[in-house]
Each structure stands twice: as C-alpha cells, then as structure tokens.
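Quick note: the coordinates plus some simple rules give every number you see, no bench work behind them. Keep in mind the model is a prediction, meaning the values are calculated, not measured. Virtual Cβ from ideal backbone geometry, glycine too; neighbours counted across all protein chains shown.
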Amino acid sequence: GDSVTQMEGPVTLSEEAFLTINCTYTATGYPSLFWYVQYPGEGLQLLLKATKADDKGSNKGFEATYRKETTSFHLEKGSVQVSDSAVYFCALQSSGSARQLTFGSGTQLTVLP
Amino acid sequence: GAVVSQHPSRVICKSGTSVKIECRSLDFQATTMFWYRQFPKQSLMLMATSNEGSKATYEQGVEKDKFLINHASLTLSTLTVTSAHPEDSSFYICSARVMANTEAFFGQGTRLTVV
C-alpha cells in the first residue's frame, strides 16, 4: 500500500538557518504530494503541494519539488524564523478512487532566536 | 481557503460516558469527510471515511460501534465516542472535501481527555 517516510525529528535550528526535511514515498500510480503544518494545539494547514512529477510547490518561503525518479518530496526553506516552529507532515494522496491522504510521521521543528 | 470548524476544541469526560464531536464545513458542501486520530507526537491515523447520506467506511482495527460517525448533511459530520475510556484520550481531527479530486480542508481538532 501507499506509505510516506519522513525524516525523524525533532529538528532544532537557529533563526535564519537553512531547513531541509526529507520525505520519500511509496505509491502506485501517480499520487499528489503535500506538506502540511501543524501549530501547537491546532489542526493541519496545507503548506504546499505538487500534483505531478517535477512540479515545485512553494509557499511562505518553503519549497518542495516532486521527484519521481527518487520518489521524494523534500521540504526546504532558506532562512527559517521562530514563527516556523511547528510540526510538519509530508503526505500523499493516492490516485485511486478513494483518494485518501496518507501521512508521514511528522517532524517537529523548533527555531531558536 | 475553505473553512472547516470542529467543536468542541477540548472536552473532558468521565469514563463510561459518550462524547460527540462535530465537524462543519462552513462555506462549502462536503460530500466526503474524514476522521483522524492523532496520538502524542505521532502522525494522523485515518479512522473512517464518511460520505453524505451513507454509512461510514471504517479503517481496519477501528471499532465502528465505539466510534459512531454520522454524516447527515453536506455540511455536518459527527463522531461520537461511546462509553469512553482513558485509552480513548487523544486528538481527533476531521477533514472535508467537495469531491475526490479536490483539496481536503482540516478542522482545528478536538482534544479528548477521558478521566
């Protein structure tokens, strides 16, 4: 079945540092890929997405490129801020009829001032 | 984006009682709603998928008699945890989408504590 493997955390960075959170997936067909962010005590918010190979999703300085050859969708940001502290989830949406979301385990990011 | 409202955000109940959690799509009609459970520092686990007007489809290992899901209208789904026990304490999150190929929007989540 579909699965998402996400870099384990927690990740602690200083403000303005470069961020990479690795994500690889296993899926049949042509899934869509997502990054969600969860702030403490809240639900999930869509951060960015990509629906086909070589697409780059971007939002709020975050980027991720859909790499079919390496089945990866790594999240990057050039300069993190304290306000980026949250849990980040990589997810895929299957191309089957149900089109359910399958989530990675989440990565806790803490950015220190 | 579209708004999904979940209520209550926090609830504490006594063991043996039942708790109902509501999930509403405020500005769109959701043909499908999903219920997830999230344990501390873990990912979201899909519990069930509900389509308006039909019975929910539960994931393997989820007791449908314990977690009652009703999706009576295109804007409301409810999850009732029956005869709650401390091990049911968790963060429950719903999501809703218009159609299969559209984005799913998430509620704020409900922190359930059973004492």
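Quick look at the values:
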{"quantity": "Ranked A:THR107, B:THR80, B:THR31, criterion: other C-beta atoms within 10 Å, fewest first", "calculated": "B:THR80, B:THR31, A:THR107"}
{"quantity": "Close Lys-Lys pairs in chain B, where close means Cα under 22 Å and separation is 8 or more or interchain", "calculated": "7"}
{"quantity": "Candidates per GluC sites (Glu not before Pro) in the stretch B:59-96, loop by DSSP, up to 12 other Cβ within 10 Å", "calculated": "B:GLU63"}
{"quantity": "Estimated inter-spin distance, A:ASN22 and B:ALA100, nm [label 7 Å along Cα→Cβ]", "calculated": "3.5"}
{"quantity": "For the stretch B:11-20, 3J(HN,Hα) per residue [Karplus equation, 6.51 cos²θ - 1.76 cosθ + 1.60, θ = phi - 60°, Hz, x = Gly/Pro]", "calculated": "8, 10, 9, 7, 4, x, 8, 10, 10, 10"}
{"quantity": "Built amide H within the under 5 Å cut-off of A:ALA17, gap 5+", "calculated": "A:VAL80"}
{"quantity": "Contact order relative to length of chain A, as percent, for alpha carbon pairs under 8 angstrom and 6 or more apart", "calculated": "37"}
{"quantity": "Full-stretch length increase - B:ASP27, B:LYS64 - with 0.36 nm per residue and alpha-carbon distance subtracted", "calculated": "10.4 nm"}
{"quantity": "Taking B:LYS64, A:LYS49 and counting other C-beta atoms within 10 Å, the order from fewest to most", "calculated": "B:LYS64, A:LYS49"}
{"quantity": "Relative contact order (%) - criterion: Cα under 8 Å, at least six apart; region: chain B", "calculated": "37"}
{"quantity": "R0 of 41 Å, Cβ-Cβ distance A:ALA53-B:LYS20: FRET efficiency to nearest 0.05", "calculated": "0.40"}
{"quantity": "Modelled FRET efficiency - R0 30 Å, B:THR57 with B:ILE12, Cβ distances, 0.05 increments", "calculated": "0.50"}
{"quantity": "Summed residue charge, Cβ within 14 Å of A:THR20's Cβ, Lys/Arg positive, Asp/Glu negative", "calculated": "-2"}
{"quantity": "Backbone HN-Hα couplings from phi across the stretch A:65-76 [Karplus 6.51/-1.76/1.60, Hz, Gly and Pro as x]", "calculated": "10, 6, 10, 6, 5, 10, 6, 10, 7, 6, 8, 9"}
{"quantity": "Karplus 3J(HN,Hα) series, Hz, for the stretch B:95-100 with 6.51 cos²θ - 1.76 cosθ + 1.60 (x for Gly, Pro)", "calculated": "9, 9, 9, 7, 9, 4"}
{"quantity": "A:TYR39-B:LEU76 FRET efficiency (beta carbon distance; Förster radius 22 Å; 0.05 resolution)", "calculated": "0.30"}
{"quantity": "Distance between the stretch A:4-40 and the stretch B:40-94 - C-alpha centres, whole angstrom", "calculated": "26"}
{"quantity": "Amide proton proximity set for B:LYS66, modelled H, under 5 Å, gap of 5+", "calculated": "none"}
